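Have a look at the structure below before the remarks.
The values are calculated or read from the model by the stated rules, or taken from the named source; none is laboratory data. Source: prediction; values computed, not measured. As a convention, Cβ positions derive from the backbone with ideal geometry for all residues, glycine included, and neighbour counts pool all protein chains shown. Only protein heavy atoms, including side chains, enter the accessible area calculation; ligands, DNA and RNA are left aside. Shrake-Rupley method; radii C 1.70, N 1.55, O 1.52, S 1.80 Å.
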Amino acid sequence: MGKGISLRVRKFGILSSTAMFFSAGLALPATAEQVLRIAMTASDIPITTGAPDNGYEGLRSTGYTIYDGLVSWDLSRADELADIRPGLATSWRQDEDDATRWIFELREGVQFHDGSTFDADAAIWNLERYYDPDSPQYEDQGAAQAQARVPLVDSFEKIDDMTIAINTTRPASYFPYMLTYVLFSSPARFEEVGGSWSAFAENPSGTGPFRLTDFQTRQSVELSRNEDYWDPERVPKLDRLILYPMPESTTRLAALRSGQVDWIEVPPPDAVPSLEGLGFQITTSSYPHVWPWALNLQDQDSPFQDVRVRQAINYCIDREGLSSLLNNVAEPSYGIFKPGEDLFGEPENRYSFDPDKSRELLAEAGYGPDDRIDMTVMITASGSGQMTPIPMNEFLQDTVSQCGFDVEFEQVEWGSMLVALRNEPMSDMAFGVDAMNMSLPPSTDVSQMALYFYGQNLAPNGRNWSHWVNEDFDALIDELEVSRDPEEVTRLGAEAHAILVDDAPWVFIVHDLNARAMTSSVQGFVSAQSWFQDFTPVYMED
Amino acid sequence: MIAFAIRRILYAIPILIGVSLFVFILIRLVPGDVVDILIPPEAPRRVAEDLRARFGLDQPVYIQYFTWLQRILMGDFGISAFNNRPVALDLFVSLGNTALIAVPAAIIGFTLGSILGTLAAFFRGSWLDTIFSSIAIAGVSLPHYWVGIVLVAIFSAGYNLLPAQGMAPGGFPTTWQQVTHLILPVATLSLIPMGVISRLVRANVLEILSQEFVPALHGKGLLNRGVLVHIIHNAAPPALALMGLQLGYLLGGSILVEAVFNWPGSGTLMQLAIFRRDIPVLSATILVLAAIFVLLNILVDIMQAYIDPRMRR
């Protein structure tokens, strides 16, 4: 039971015995068993076949816990951005003569939870599941996830029992980063359950540090320690990890305060001070995860076609004020990467909150007090990673008004925004808005920048919803894709990012710090600078 | 009486077909489809189109409708487009979960509402009437999801007496610990039926009290208890009809109350299906709920007709 709860029980004196009586069985018993109960923000349990839905929260909860990829995220440090490390592949290299050919040396001695062996045959079988529509194990939902996140896979082959090759459609130096999103399931278990992915979902088998031991539809999923995990340093300290889908933030908060769970994702920002006062731990992780207004640049009549207008609105965002309003569960964003990181580069514009400069830029562009800019922003009331969009957007509406922007909102439900994101900004699905407020997935590496801004990735065929095309930026992306030198990739990425900041296709607002609240019993958690987190070092202390 | 019941059941068939058609058309007015929600935006178009074909979304709407109707008539509710689980499994489990809180809430609401309404009418104009009527109006007027949040804030987050959310593992509650999970949602859900039944019963009893047969019964020497039986006999049919509607609403699952308590019932199932554009789940859920609603009303009609022979005409 958390410190805060203990304090309250003392405070209410005589009620304590009643409280303890009624809550028996709800709170974690003080036994040797190590059980961590987490309330997720997802509205359902993410699919457990190794190709989870529910976005990146699915990968964090039922993805990287039960499964591994060839390449993994290194989530062991809190003091630097999470980078990649060997997973089911111990090493990889680009073919010396062909930059589109990647060779992966597989890890020896890895077993799936069912006892079958991971080798080149199992790896190829999984790649066929995602990329070969003619294979019996092809799964269109999983394929859609994999092909969306790793669209560059062209072909693959077994070289020997522990070596495979993957060929890409074009050279891409960041290809290993993309492979973190492709997870490997057991062919033996798939056969055992009759070749059905829905049957596999109920009895899954991966190579990950946890194995699934209980599944209550729409209520909870229980993962237990995999004692035989191939990485002895990452054998979980917990006996069991129980995940609950709990989309309502107030419900998560009540569940934490009443001792039903030990850890909640995304506590309501206004509850953070009181939680801290009651002795709960609040953790945040600072990494690139932008909450922006993505501008519609496909509209040729938009005032935002003028870069000065785009810069003007970026100079009229009170990022510090907004972060403060959110009790610092967010921090200012001046680009998609953060100042101080190698990839941030040296943009000419450092967007401080400077209404005078904003008005000057607007005046240069032909706008002023008598000719204000009307704009409509698509927002939601909630949704994965959207933080608390209504008060945040109202704050921004008020702030940018003083510079000459009159903002109206087109409020839609989350599903409708996903549909709009899939289509062009001038399609009917976008309701003619000038910008979309969608929190976008974590962008800790250069591949994510290419995904959202490269000129060939325009919606509806890619994630460049804004339809921003900059030849200099694209040329740098082309150059870094074929580079084999990591330092050069970083240098070129930084130059590209500087162009992105100066040309401002988005209004950069804040980075989500991914706040979590947990009882003081939760120990050992390393808040990695990433959307993803490692549950293996966590343990419970009375 | 049997002819009356058969007639009512036959009326239900066009109603259910109408409901299913309406739902099928309505969900297509919402932007996008299940594939838009299911897969990331940058998934290749070919993959998206393959998925649409697998779900039959590439067919004209009327073919999709008749295919679905044909399956339903054969007892096949289909497969969820989102998680590949049989719709029937999720649907009936969810309905059972909702019934766990809806049925007790209806019983409590109906009983309390009837008692409060009758007492308020008998003591019309007195302070008791004021108190009972205020309780009833509060039950109708207060947003029940707000009441739920307040109850959680007091009894869970504040005093840690009851669970804040979720259903206890194990299905039907057999232990006190499992029952504790029911208390707050049932209390919240019972407010509305308690309020509306109380208001209706008060008005009906007042009207009956003003009718000539009441003094006539007294004049014949009948004691108060005997008169009360006659009054209840006359006031019951409209209260029963309203209770049928209320129970139907409750079994439909209050989306907001189930969201507040994170209850895995039919309300949250429908909410998920709407957000995911999961047509098989949404269509089947609404059809089954409509069938339950119609069935409850038929039962109420029959009960009313049994109590009051004038209704059989």
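Every Cα-Cα pair in region A:145-197 was counted, and those over 17 Å apart are 52% of them. Highest mean packing comes first when the peptides A:518-525, A:262-269 are listed by Cβ atoms within 10 Å, giving A:262-269, A:518-525.
Under 15 Å from a point placed 7 Å out from the Cα of B:ARG85 along the Cα-to-Cβ direction: which residues of region A:241-262 have their backbone N that close? So the set is A:243-246. Rounded to the nearest 0.05, the FRET efficiency derived from the C-beta distance between A:ASP98 and A:TYR539 at R0 = 56 Å is 0.75. Would you mind pulling out the separation of the Cα centroids of region B:101-130 and region B:143-199, in Å? Centre-to-centre distance over Cα atoms comes out at 20 Å.
Compute the distance in nm between two label points, each set 7 Å from the Cα along the Cα-to-Cβ direction, one at A:ARG85 and one at A:THR117. Here the modelled spin labels are 2.6 nm apart.
Taken residue by residue and averaged, Cβ atoms of other chains lying within 10 Å of the Cβ of A:189-202 number 1.
Checking the a/c ratio against 1.5 first, then a/b against b/c, what shape does the Cα gyration tensor give for region B:34-85? Verdict is oblate for region B:34-85. Span-like helix check, chain B: qualifying full DSSP H segments, with Cα axial length of 30 Å or more and mean Kyte-Doolittle of 0.5 or more, are B:2-27, B:87-122, B:176-209, B:224-251, B:279-307.
Simple spin-label model, 7 Å along Cα-to-Cβ: A:SER382 to A:ARG77 in nm? Once both label points are built, they end up 3.8 nm from each other. Hey, what's the protein assembly as shown come to in accessible area per residue, 1.4 Å probe, Å²? Here the per-residue accessible area is 40 Å². Electrostatic bookkeeping for A:ASN296 treats Lys and Arg as +1 and Asp and Glu as -1; over the other residues with beta carbon under 13 Å from its beta carbon, the sum is -4. Under 20 Å from a label point set 7 Å out along the Cα-to-Cβ vector of A:GLU487, the amide N atoms of region A:91-110 belong to A:94. Overall, the accessible surface of chain A at a probe of 1.4 angstrom is composed of carbon and sulfur to the extent of 46 percent. Across peptide B:166-172, the average count of Cβ atoms from other chains found within 10 Å of a residue's Cβ is 4.
Assuming charge only on the beta carbon of Lys and Arg (+1) and of Asp and Glu (-1), the dipole of the protein assembly as shown about its Cα centre is about 6080 debye to the nearest 20. Averaged over the residues of peptide A:142-149, the number of Cβ atoms from other protein chains lying within 10 Å of each residue's Cβ is 6.
Helix-only arithmetic for chain B: the sum of -39500 (n - 2.57) across DSSP H runs with n ≥ 4, divided by the residue total, places the mean residue ellipticity at 222 nm at -24500 deg cm²/dmol. Measure out, as a whole number of angstrom, how far apart the alpha-carbon centroids of region A:437-479 and region A:279-304 sit. Centre-to-centre (Cα) distance: 14 Å. Shown is the FRET efficiency for A:LYS237 and A:THR213, computed with R0 = 22 Å from the Cβ-Cβ distance and rounded to the nearest 0.05: 0.85. Per residue, chain A reaches -8500 deg cm²/dmol at 222 nm when only DSSP H runs of four or more residues are counted, each adding -39500 (n - 2.57). Of the accessible area of chain B, computed with a 1.4 Å probe over protein heavy atoms only, carbon and sulfur atoms account for 72 percent.
Label separation (B:ILE154 vs A:GLN305): 6.1 nm, computed from points 7 Å beyond Cα along the C-beta direction. Just to verify a number: FRET efficiency for B:ALA138 and B:ILE107, C-beta to C-beta distance, R0 = 22 Å, to 0.05? That gives a FRET efficiency of 0.65.
Taking the DSSP beta bridges with both ends in chain A, the antiparallel portion is around 70 percent.
Here the dipole of region A:305-352 is about 160 debye; that uses its Cα centre as origin and unit charges on the Cβ of Lys and Arg (positive) and Asp and Glu (negative).
Taking N as the residue count of the protein assembly as shown, its C-alpha radius of gyration divided by 2.2 N^0.38 Å amounts to 1.05.
Descending by average beta-carbon neighbour count within 10 Å, the peptides A:309-319, A:362-372, B:269-279, A:69-79 line up as A:309-319, B:269-279, A:69-79, A:362-372, the highest first.
Structural descriptor for chain B: relative contact order 29 percent, calculated from alpha carbon pairs under 8 angstrom and at least 6 residues apart.
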